[in-house]
Structures are given as structure tokens and as C-alpha cells.
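Before anything else, here's the structure in question.
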Amino acid sequence: MAGSQTGAALIAFQKKSGISPSGALDAQTRALLLISPPVMMEYTVSGEDLARIMTIPKTWLGKSEQTRLDFETIVEFLGEKTFSNPQLIRELNPGLDWTQAAIGTKVTLPRVDFPPVTTKAAFVKISLQHCVLEAFDADTNLLAHFPCSIGRVASKRPAGELRVTSIALDPNYTFDPAVFPESPEAQTVGRKLILPPGPNNPVGVAWIGLDRPGYGIHGTPAPEQVGRTESHGCFRLANWNASYLASLAWVGMTVIVE
């Protein structure tokens with residue numbers, strides 16, 4: 001059964017296509033949703049893929065001592081590669097023992113890709129109510145529609161008109177114990193830590209800073225939770241969406257939070 005994020009994506013597609021935004025996959029919508037086959041592809045696991053798998057420490061201090069925070073499992077890697085929940089990858093490959101995946105293992109994956117970037121976004125809108133981020137061009141044509149996690153505490157959610165102040169791909173992360181009062185470890189560390197880059201970095205693979213100190217739009221180590229869980233205050237996207245948005249964004253771009 002389709003969930004709320006699928007419904008929101010259908011509404012965005014229907015609005016862009018100029019048809020009634022019902023959120024339902026009706027006949028008219030199906031006729032416009034043209035996908036060039038094949039929908040799936042066969043992929044062969046490589047040595048380069050497996051070289052990215054590592055054990056991620058559970059503690060902030062342990063993470064800060066790594067050279068990179070890459071993928072923990074090959075399923076996580078393949079899910080992120082194909083913009084997918086790792087559970088979908090497992091379901092597409094029933095019977096495969098992932099603990100035995102080796103060089104040459106063949107798997108079935110979704111065939112996905114973003115459209116090429118031909119223009120920068122003119123502005124971005126974030127809906128706090130619907131947990132959605134959308135990017136538009138100068139003629140208000142929709143360029144991108146993404147699920148978005150927002151701040152847990154309503155009073156800390158920035159609203160109104162903001163501006164992009166910085167864009168960083170594959171950023172490191174400064175862990176500040178003061179931001180995590182719920183973490184016993186944060187209170188015992190007692191100092192800031194620099195966590196290395198990688199998809200399992202707390203801000204994922206992209207950071208788009210905003211003109212409110214400490215706030216930004218960024219990726220996440222748990223893309224499958226985006227739109228379902230809340231953040232400490234920033235706007236969190238799946239890593240692949242954060243990376244694509246970074247290619248559309250520019251310093252000074254308007255971000256409207258409503």
C-alpha cells in the first residue's frame with residue numbers, strides 16, 4: 001500500500017502536469033508517468049564496493065577517531081546507490097545471503113537516476129506541516145520534490161525567509177555536546193569533536209548552510225527515516241536528495257519555510 005510520501009509525490013507530479021492533485025494513482029496519472037524500460041537492472045558487486053564497507057563505532061568519540069564514516073553493509077551501500085530503502089534491496093533479491101556477498105555477486109536493483117542539472121533553482125520552499133522540501137526555477141516550475149525531516153522542538157524550527165550561506169559536499173561534522181543533552185556520552189565527553197566525512201556522518205554527504213547559526217539542509221546516515229522522524233532543528237534529506245539539491249542551490253538562494 002502506498003504511504004504518505006508516495007501520495008505527496010503524486011500530488012507534486014499531478015500539479016506539475018496540470019491535472020487534479022488527488023494524490024491517487026488514477027488512469028490519467030498513470031498515462032503521464034512514462035518510465036523507459038527496463039525498470040530494474042542487474043548489478044555486479046565489485047571490489048571497490050566491498051572496500052567501502054566498514055564497522056562504524058557506536059560512540060561519538062569512536063566515530064571521531066575514524067578516517068571516514070562509510071557504509072556498514074553492502075545492502076546499505078546498494079540501497080543508497082539506488083535511492084532505496086535497504087529492505088527493498090533485500091526483497092528484490094530473495095534467498096541471497098548478504099553476509100556472503102563477494103566480488104562478482106549479481107543482484108537485482110532499481111534503475112534510477114536524477115535528471116541532469118540544466119539550471120539552478122531560484123528558490124526553495126519547505127513545508128513544516130507536510131515535511132516536504134521543493135525547489136523551483138525562476139518561472140516557479142517545480143525542479144525537485146523531496147521528503148524532509150524537521151526539528152523536533154517546534155520553537156526551534158526556523159520559519160520565514162532564509163538564505164543559503166554555504167554549500168559543502170562530503171563535509172565533516174563538529175559534534176557539540178551542548179546540542180545533545182539527551183546523550184549521556186555527550187555529557188561525559190565534555191568537548192567538541194570533529195567527525196570525518198562519509199554517508200554515515202550525522203549530516204550525510206552534503207551540507208547547505210542557512211543564515212541562522214547552526215541551521216542547514218543536509219543528508220543523513222538513515223535515509224529511510226526521512227519524513228518519519230524528527231531532527232535536532234535542521235532540515236534533513238536522504239543523502240542522494242541532499243546531494244542533488246546541492247547541485248541546484250547557490251549561495252544567496254532564498255529558502256522559504258512555511
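Give me the aspartates and glutamates in straight-line cross-link reach of residue 58: C-alpha distance below 14 Å, same-chain residues under 8 apart excluded.
70, 72, 185
So for the pair residue 165, residue 25, with labels modelled 7 Å out along Cα→Cβ, what separation do we get in nm?
4.3
Restrict the search to the stretch 186-258; then list the trypsin sites (Lys or Arg not before Pro) that DSSP places in a loop and that have at most 15 other Cβ atoms within 10 Å of their Cβ.
Working: sites: 191, 192, 228, 236; in loops: 191, 192, 228.
When the trypsin sites (Lys or Arg not before Pro) of the stretch 186-258 are filtered for loop state and at most 15 Cβ neighbours within 10 Å, 191, 192, 228 remain.
If you don't mind, there's one more thing I want to ask. Using a simple spin-label model with points 7 Å from Cα along the Cα→Cβ vector, what separation in nm is obtained for residue 176 and residue 87?
Label-label distance for residue 176 and residue 87, simple model: 3.5 nm.
Under a cut-off of 23 Å between alpha-carbon atoms, report the lysines in cross-link reach of residue 16, not counting same-chain residues fewer than 8 places apart.
The qualifying lysines are 120, 125.
Relative contact order for the stretch 40-110: what percent, with Cα pairs under 8 Å and sequence separation of 6 or more?
Values: 81 pairs, mean separation 34.9, N = 71.
After rounding, I find 49 percent.
Hey, in the GNM for the chain with a 10 angstrom Cα cutoff, which one of 243, 20, 64 fluctuates hardest?
Comparing 243, 20, 64 in the GNM, the peak value goes to 20.
If you don't mind, there's one more thing I want to ask. Using the alpha carbons of the stretch 40-110, what is the convex hull volume per residue in cubic angstrom, as a whole number?
On the way: hull volume 6.7 nm³, N = 71.
Per-residue hull volume (Cα only) is 94 Å³.
A further question on this structure: I'd like the FRET efficiency for residue 42 and residue 118, computed as 1/(1 + (r/R0)^6) with the beta carbon distance as r and R0 of 30 Å, rounded to 0.05. Working shown, then result.
Values: r = 30 Å, r/R0 = 1.00.
The value I calculate is 0.50.
Of 249, 215, 5, which is farthest along the charge dipole of the chain in the positive direction, counting Lys and Arg as +1 and Asp and Glu as -1 at C-beta?
Sorting the options by dipole projection puts first 215.
Please give the FRET efficiency for residue 55 paired with residue 98, using the beta carbon to beta carbon distance and R0 = 22 Å, rounded to the nearest 0.05.
Numbers: r = 16 Å, r/R0 = 0.71.
That gives a FRET efficiency of 0.90.
Quick one: putting +1 on the C-beta of Lys and Arg, -1 on the C-beta of Asp and Glu, what dipole do you get for the stretch 158-245 around its Cα centre, in Debye to the nearest 20?
In total the dipole reaches around 100 debye.
Using a simple charge model, +1 on the beta-carbon of Lys and Arg, -1 on the beta-carbon of Asp and Glu, nothing else, what dipole does the stretch 3-69 show about its Cα centre, in debye to the nearest 20?
On the way: 7 positive and 5 negative charges, 58 e Å.
For the stretch 3-69, the charge dipole is close to 280 debye.
Expressed in whole Å with the largest first, what are the equivalent ellipsoid semi-axes of the chain derived from the C-alpha gyration tensor as the square root of 5 times each eigenvalue?
Working: eigenvalues 171, 152, 50 Å².
Working through the eigenvalues yields semi-axes of 29, 28, 16 Å.
Follow-up question, since we're still on this one. Kindly provide the GluC sites (Glu not before Pro) of the stretch 1-95 that DSSP labels as loop, not H, G, I, E or B, and whose Cβ sees at most 14 other Cβ atoms within 10 Å.
Hits after loop and neighbour filter: 65.
Would you list, by chain and number, the lysines whose Cα falls below 22 Å from the Cα of residue 106, excluding same-chain residues fewer than 8 positions away?
Of all the lysines, those that pass the test against residue 106 - Cα under 22 Å, at least 8 places apart if same chain - are 81.
Rounded to the nearest 20 debye, what is the charge dipole size of the chain about its Cα centre when +1 sits on each Lys and Arg Cβ and -1 on each Asp and Glu Cβ?
Values: 22 positive and 24 negative charges, 83 e Å.
Dipole about the Cα centre, nearest 20: 400 debye.
GNM on the chain, C-alpha springs below 10 Å: top fluctuator among 248, 61, 128?
Of 248, 61, 128, the most mobile in the Gaussian network model is 61.
Okay, next question. Charges on Cβ only, +1 for Lys and Arg, -1 for Asp and Glu, centred on the Cα centroid of the stretch 40-110; of 54, 82, 95, which one is farthest towards the dipole's positive end?
The residue sitting farthest along the positive end of the dipole is 54.
Please tell me the relative contact order of the chain in percent, rounded to the nearest whole number, where contacts are Cα pairs under 8 Å and at least six residues apart.
Details: 499 pairs, mean separation 52.3, N = 258.
Computed over the chain, the figure is 20 percent.
In a GNM of the chain with a 10 Å cut-off on Cα contacts, which of 98, 60, 207 has the highest mean-square fluctuation?
In this elastic network of the chain, the residue with the biggest mean-square fluctuation among 98, 60, 207 is 98.
Every number in this text was worked out from the coordinates using simple rules, so none of it is lab data. Keep in mind that this is a model prediction, so the values were computed, not measured. Because the Cβ atoms are built from the backbone with ideal geometry, glycine has one as well, and the counts that use them run over all protein chains shown.
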